[in-house]
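Report on the structure given below.
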Amino acid sequence: MTLLEARGLIREYGHVQALAGADFDVDAGEVVALIGDNGAGKSTVVKLLSGSEAPDAGEIYFEGRRVRFASPSDARALGIETVFQDLALAPHLDPVRNMYLGREVMRPGLLGLLGFMDNKAMREGSRRAFDNLGATVRNLSGPIGSMSGGQRQGVAVARAAAWASKVIFLDEPTAALGVVQTRNVLDLIRRVRDNGIGVVFISHSMPHVLEVSDRVHVLRRGRRVASYNAADTSMEELVGAMTGALDGNGAGNGEANGEAGR
Ligand SMILES: Nc1ncnc2c1ncn2[C@@H]1O[C@H](COP(=O)(O)OP(=O)(O)O)[C@@H](O)[C@H]1O
Ligand SMILES: [Mg+2]
C-alpha cells in the first residue's frame, strides 16, 4: 500500500495554474526526488501534501485512506513533517524553541531524539538533534533570525527529521548550505529513509538527486510528466524530461508507467 499518494491535484493562484492535475506518490523507506524547472509546481505539491494549503481539486490518500488536511498540524498528526522552501521558522525564537514549536501534543518521531520535559531536557534534545545532523548550531539561545541561512536551514532540517515518523518533505534543503553541511543533509536523508520513513527531496542538483534518491518524479507545468527509477536513468534523461526536450521520442520508463505527456 502506498504511504502517501495524490491524484489529480489542481491549485490555482489567481489566473496562474500552479498545479494542473499533478499525481504524486511516496512509499515507506524510499527517497523520492521531485524535480522540475522553476515554477513547475514542486513547492505547491509540498504545500498541499503538508496541509499548509488546500487543493482546488484532486485527492490525497494516506496509507490508503482519503485525507483532507485543514492545517499543517493535521498532517503532522499523521507523522508528516516538512522543511518548507522558505523554512517557516520563528525568527524571534531561539533554536530550542523552534525545535519544539507547536509540539505540545505531538509524539516524537522514529529518530526519537526529542521529548517533552523541562527546559534542560529540551536543550539536550535539541543539541542531540543538531549534533546528529552535524549542524553547526553553536548558540542555542540566540534568536534564529540572527543566524546565517545555513544555520537556519540546519535547524529546520533537524527539527523535521527529529519529529517525522512517516513522511518528510525537504524543499530545497541544501540551497543555503556549504559542501560539508550538504553532505550531512544527504547522509541524514539516507538514515531517515533507512528508518522506514518516506523522504521527498527537492533539489536542483542532479548529481545529488541521482546519488540519494530511489525514484525521481519530474514535474513540468503543474503535472508529473515522468517518473524514473534513479538507478535506470541519467542526468541527460532527467534534464530532457524537465525541459520537454524528450517529448515525442519516448521518455524512458516515464512513458512506460503512463505518466508522460499527460
Ligand atoms: N502564493 C502564490 N501566489 C501566486 N502565485 C504563486 C504562489 N505560489 C506559487 N505560485 C506560482 O505557481 C507556480 C508554481 O510555483 P511553485 O510551486 O513555487 O514552483 P517550484 O517550486 O517548482 O519552483 C509558479 O508560476 C508560481 O509563480
Ligand atoms: Mg519551489
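Read-outs: derived from the displayed coordinates by stated rules, not from any lab. The structure presented is a predicted model; accordingly, all values stated were derived computationally and were not measured. All Cβ positions, glycine included, derive from the backbone under ideal geometry; neighbour counts span all protein chains shown.
Which is the longest run of the chain containing none of the GluC sites (Glu not before Pro) found in DSSP loop states (not H, G, I, E, B) with at most 14 other C-beta atoms within 10 Å? Working shown, then result.
Values: sites that count: 63, 104.
Here the longest segment lacking exposed loop sites spans 105-262.
Give me the number: length gained by fully extending residue 128 to residue 187, i.e. 0.36 nm times residue separation minus the C-alpha to C-alpha distance, one decimal in nm. Don't jump to the answer; show the numbers that get you there.
Details: separation 59, 0.36 × 59 = 21.24 nm, distance 1.60 nm.
My answer for the length gained is 19.6 nm.
What residues have an amide H closer than 5 Å to that of residue 220, excluding those fewer than 5 places away on the same chain, when H is modeled at 1.01 Å from N in the peptide plane?
Placed amide hydrogens put 225 under 5 Å from residue 220.
Kindly give Rg over Rh for segment 132-229, based on alpha-carbon atoms, with the Kirkwood expression for the hydrodynamic radius.
Expressed as Rg/Rh, it is 0.99.
Relative to the present Cα-Cα distance, how much length would full extension add between residue 243 and residue 214 at 0.36 nm per residue of separation?
Numbers: separation 29, 0.36 × 29 = 10.44 nm, distance 2.15 nm.
Result: 8.3 nm gained on full extension.
Taking the Cα centre as origin and putting +1 on Lys and Arg beta-carbons and -1 on Asp and Glu beta-carbons, what dipole magnitude results for the chain, to the nearest 20 debye?
Values: 29 positive and 31 negative charges, 180 e Å.
Around 860 debye, computed over the chain.
Calculated from DSSP H runs of 4 or more alone, at -39500 (n - 2.57) each and per residue, what is the 222 nm mean residue ellipticity of the chain, nearest 500? Working shown, then result.
Details: 9 runs with 87 residues, N = 262.
The per-residue figure over the chain is -9500 deg cm²/dmol.
Given R₀ = 22 Å, what would the calculated FRET efficiency be for residue 90 paired with residue 38, taking r from the Cβ atoms and rounding to 0.05? The partial results should precede the final answer.
On the way: r = 27 Å, r/R0 = 1.24.
About 0.20, to the nearest 0.05.
Distances over 32 Å make up what percent of all Cα-Cα pairs in the chain? Mind dumping the intermediate values first?
Numbers: 6910 of 34191 pairs.
I get 20 percent for the Cα pairs in the chain exceeding 32 Å.
When only Cα pairs under 8 Å and 6 or more residues apart are kept, what is the percent relative contact order across the chain? Walk me through the numbers before you get to the answer.
Working: 545 pairs, mean separation 65.7, N = 262.
RCO, the chain: 25 percent.
Within segment 1-74, which trypsin sites (Lys or Arg not before Pro) sit in a loop by DSSP and count at most 15 neighbouring Cβ atoms inside 10 Å? Let's see the in-between values first.
Numbers: sites: 7, 11, 42, 47, 65, 66, 68; in loops: 68.
Listed in order of number, the matching sites are 68.
For residue 20 paired with residue 59, estimate the spin-label separation in nm (one decimal), with each label point 7 Å from Cα along the Cα-to-Cβ line.
2.4
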